[in-house]
Structure formats: C-alpha cells, structure tokens
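The values are calculated or read from the model by the stated rules, or taken from the named source; none is laboratory data. Just so it is clear, the model here is predicted, and its values are computed rather than measured. Positions of Cβ are generated from backbone atoms using ideal geometry, with glycine treated the same way; all protein chains shown enter the neighbour counts. Protein only, heavy atoms only, side chains kept; ligands, DNA and RNA dropped before computing areas. Shrake-Rupley method; radii C 1.70, N 1.55, O 1.52, S 1.80 Å.
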Amino acid sequence: RLALMALVLIVSCSDVPTNEPNIIAPTDTLTVSPAIPAYLPVPTQEQIEWQNGEFYILVCFGINTFTGNEWGDGTEDPALFNPANFDANQWVRVAKMGGCKGLIVIAKHHDGFALWRTNTTKYSLEHSPWKDGKGDVIYDAAQACNKGGLKFGVYMSLWDQHEASFNTAQYDEVFVAQISELLTNYGSVFEMWFDAANGSGIPTNYDIYRYYRVMREIQPKVLRASCGPDIRWVGNEDGTAPETLWSAVSSTHWYPAECDVSIRPGWFWRKEEDSKVKTAEKLVDLYFSSVGKNSVLLLGVPPNRDGLIAESDAKSLESFRKRLDNIFAVNLAADCVAKAGNIRLSQVGWSAQRVVDGNTETYWTSDDSVKSSWLEIDLHRVVQLNTIDLREAIRYGQRVEAYRIEAFINNAWVIIDRGTTIGNRKLDRISTVRTNKVRLIIESSKANPVISEFGLYADPYRI
Ligand code: FUL
Ligand code: CA
C-alpha cells in the first residue's frame, strides 16, 4: 500500500492534498472581472490562430522543378511542366504526418510561370502537356487542404521576369488581376505571401498598398505575409528567430515574425538533394529556434518531377513529429501546486494554478500596477528536467521583458535559465537538473505579466 502511494506521487501531482489558499477547487468559476486591460497593440483573432498553428509548409513547386534551377528567368518552355503522378492529397498526408497545420503553395515564382488557370497571362500550365493543359495546381491543392483539414495559403512573387509590362503601371493591373483570381476562385486563403526578392538590380515600383487593399476587400481575413502588413519576415532564411522578439513593433502595429527555411539545401527539388534532406533532429532544432522564440516555422518542402513529396522528405517530417511528441509527452508541472507573489485583485480565477492547468485560455496575472512578480511550482517529487515552456497570453498584448528561472537544488535556489521576451511561446533548452521546485521570476514587464502556461519537460534526447 505504501509502495502504491509512492507510485501515485511519482506519476502525478493531481492527487497531492494541500491547504494552499490559491488552489482551485473543482467548483471555482473562470469568470473574472473586471477584465485585464489590454497592453496595446494586440493581435487580431486571425493572428492568434496563425500563431497557435505553429508550423506550416511552403510547397515549392513550379517550372524550376523541371529545370533544376533555383531561379528561372522566364524563358523556360511551358512544355517542360508535366508532373506525371501529381497528387496534392499526398502533400496533405505528408504534411499532416509532420504535424503541419497549413500549406502555402507557390502560385507564381520569379519566372512568372502561373500554376493556376488564369486570364492574365499565356505563360501558365494551360500551355503545358500536363492533363492536356486542363490541370490546376492551385485548385487541386486547395481541394486537398479542405478535404484534409489543413489551412490553405498562396505564395506570389512580386518580381515577374516573363511579364512584358513588369515595372510599369500596367503590371499593377496584371498583378491585381492575378491576386483577385487567386482570392476569388479557390475558397478561403488563410495567408498570402508576397516575396519581394528581385535579382534584376533595377528598383521596382509596385502599387503595393493597392494590392493590400484589394486582398482585404476580397478576403477580409487573409493574412498578408512576408512583404505584407500582417506577418513579417524574420529577416533570414535559416529558420531562426532572435532571442528577443517583440510582436509589437509600434504602439499600434502587432506584427509577428515568421521563420522560413527549406528542408533541403535549395528551395526546389533536385535528385541529388534527396540525400541532403534535413534530419528530424535538425527540424526539432528549427522548431525550438522559431516556434520556441515567439515565431512560427514555415518550412519549404519541394515536390519532385512526379508532383509528389519524395520519400526522404516524408520520412524526416514523420520522425520530426514523433520526436516532438516524445519531448512534450509529459508536462512535469501539470496540475502541481503553484504559488504566485501576487494575484490580480486576489481573484482565484487569476491564481497561479492557472499556469499548470494545461489550458492556454486560462491565465495567472498580478495586480495592474505589479510589473515584476514570481510563480513557484512545487513538483512534489524530485524530477529531472531540461526543457522550459512559457506562454504569455498574447491576446492582452506582449509584456514580459526579462525573466529568470530558478530550481531548488541541495536546499538552495539556483539560477538555471535566463531570458528576455516570452510572447506566444518561449522554449528554453537547459542542461538537465534534478529538482523538486522550480520558480519563474519575472524581472521586468511593460505591464502586469499575463502567463497562460508554465511547462517543464525532460527531453529524452538530451538527458
Ligand atoms: C526567396 C526566393 O527567392 C526563393 O526562391 C524562395 O521562394 C523563398 C521562399 O523566398 O526569396
Ligand atoms: Ca492555463
């Protein structure tokens, strides 16, 4: 019987009896008032959902797939485009196996070749042998996403080397007609990605604000990304966000960052790179350096000349997902006893217990004037841990500027981690420690901190 009780203690905190005043009884209500004042700016509901999706795939497919070029020049013959076994459902299956929540599909790259049926140019798959010119990559991808429950998005290069009107006022008409077709004929587009890359060296003059307006007129919820006002490019193509990352870039503009990186050395498929696909371990590193730094991961995955994602990429993606599942299988802090230095208006609905309840829509927060405070978790048994998972409730704005984490080791509090911003999610990898108590000390915050979750994990690959 004693042995059995010990086992219960090791397995979970939820049965631990306690007299702590801030423990939530099952009857406690989540209704708290008055509401926490927002610290401006705050994200839109679409931006919150986008950030919660964490991981998206950029499907890099087009005329380059058939030439082996990274960048075409717009003189490629449409006759080259013929993906014999094309199947967008396979893209969706692979993406879901990798834990991805949406696809962003290239509709037009820098060469100008259109991968949808369009009235704006003859340089398109309608003039290719594929399905006798009756195919439509964007249509098939949109259908496959809808069927598979993935979000569907579109990538458009602003630079177009084929279009004769490029860099004249007429090109604005062409481009607006193109994005209008894409936003009208294929259902809901969650993210439209404008690539501003331009290798010509000639300064460009797009009527970009008109494009932004048109996008919102046709689809009020579309997120305008990369070269757009709703989601910003993180500034590199390595999949790595900076240690300090504010989604708020001014007092009115919530502008979260996205990390794009390819699963291969190049963005498009090449036979010789089948053996150079990033390993699952490397993809996990990228997840930590993007999603784990208040950003999201947009991973380039290129279908091959058959129109399918190669086995090598599919395998990596699947074991990436398995590794992540193993790392986050058990939150050692779940339902443990949590205390805080201060609780807003002493209301139980904002108590420390809210950061270990596994619900990202419940929060601990302090009084409105209290900008530094602490949270302490009693793990009630000695555990090994090496991964810290912090989440701020970004719907109230991003607040935390500096924090440290301490663990109770050999009867003393020892600093095991330090950080600056938290944002939507901050994942810190630390060297393994053995401890029975951990605390988060928020050293400074722009307003009272609002923390939704404080998780602790033992990553088995680093223990
Ligand atoms: C870059 C492009 O030049 C690459 O070819 C790729 O499309 C990447 C996502 O963006 O700027
Ligand atoms: Ca919570």
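Structural remarks
- Accessible solvent surface per residue of the chain, calculated while the other protein chains remain in place, 1.4 angstrom probe, Å²: 41
- Distant-in-sequence amide contacts of Val400, defined by a placed amide H-H separation under 5 Å and a gap of 5 or more residues or a different chain, comprise Ile422, Gly423, Lys446.
- Across Lys101/Lys276; Lys108/Lys271; Lys282/Lys315; Lys101/Lys131; Lys339/Lys446, pairs whose alpha-carbon gap is larger than 20 Å: Lys101/Lys276; Lys108/Lys271; Lys101/Lys131; Lys339/Lys446
- The peptide list 113-124, 296-307, put in order of mean Cβ contacts within 10 Å with the highest first, becomes 296-307, 113-124.
- Antiparallel beta bridges, as assigned by DSSP with both residues in the chain, represent about 55 percent of the total such bridges.
- For the chain: rounded, prolate or oblate by the Cα gyration tensor [a/c cutoff 1.5]: prolate
- Dividing the C-alpha radius of gyration of the stretch 337-463 by 2.2 N^0.38 Å, with N its residue count, gives 0.99.
- Couplings 3J(HN,Hα) of the stretch 453-463, computed from phi: 8, 9, x, 10, 9, 10, 5, x, 7, 10, 7 Hz, in residue order, whole Hz [Karplus 6.51 cos²θ - 1.76 cosθ + 1.60, θ = phi - 60°; x for Gly and Pro].
- Label separation (Ser200 vs Arg418): 5.0 nm, computed from points 7 Å beyond Cα along the C-beta direction.
- Packing, taken as the mean count of other beta carbons within 10 Å per residue, orders the peptides 319-330, 31-42 from highest to lowest as 319-330, 31-42.
- Cut-off under 5 Å, modelled amide H: who pairs with Lys293 long-range: Leu427
- In the stretch 330-440, Cα pairs under 8 Å separated by at least six residues give a relative contact order of 27 percent.
- For the stretch 373-422 versus the stretch 444-462, the gap between their alpha-carbon centres in whole angstrom: 6
- Computed from the C-beta positions of Ala169 and Glu237 and an R0 of 25 Å, the FRET efficiency is 0.20 to the nearest 0.05.
- Of the solvent-accessible surface of the stretch 118-255, computed with a 1.4 Å probe over protein heavy atoms with every protein chain present, carbon and sulfur atoms account for 50 percent.
- Stretching Asp368 away from Ser431 to a fully extended chain increases their span by 19.2 nm, per 0.36 nm per residue minus the current alpha-carbon distance.
- Label positions at Ala84 and Asn146, each projected 7 Å from the Cα along the C-beta direction, are separated by 3.1 nm.
- Cβ-derived FRET efficiency at R0 35 Å, Lys271 paired with Gln45, nearest 0.05: 0.20
- Mean Cα-pair separation over length for the stretch 192-305, i.e. relative contact order, pairs under 8 Å, 6 or more apart, %: 24
- Whole-Hz couplings from phi, Karplus 6.51/-1.76/1.60, listed for the stretch 31-37; x for Gly and Pro: 6, 10, 8, x, 4, 5, x
- In a fully extended conformation the segment linking Arg381 and Arg93 would gain 99.6 nm over its present Cα-Cα distance, using 0.36 nm per residue.
- Near Ile343: Cβ cut-off under 10 Å, other residues only, Lys/Arg at +1 and Asp/Glu at -1. The net charge is +2.
- Scanning residues 5 or more positions from Gly300 or on other chains, those with amide H under 5 Å from its amide H are Leu58, Val261, Ser262, Ile263, with H placed 1.01 Å from N in the peptide plane.
- FRET efficiency, Glu281 to Thr360 (Cβ-Cβ, R0 30 Å, nearest 0.05): 0.65
- Spacing of the two label points (7 Å from each Cα toward its C-beta) at Val249 and Ala329, in nm: 4.1
- Summing Lys and Arg as +1 and Asp and Glu as -1 over all other residues whose Cβ lies under 14 Å from the Cβ of Ala447 gives a net charge of +1.
- Cα gyration tensor shape of the stretch 129-276, rounded if a/c is under 1.5, else prolate or oblate by comparing a/b with b/c: rounded
- Per-residue ³J(HN,Hα) for the stretch 116-124, Karplus 6.51 cos²θ - 1.76 cosθ + 1.60, θ = phi - 60°, Hz, x for Gly and Pro: 9, 7, 9, 8, 8, 7, 8, 8, 7
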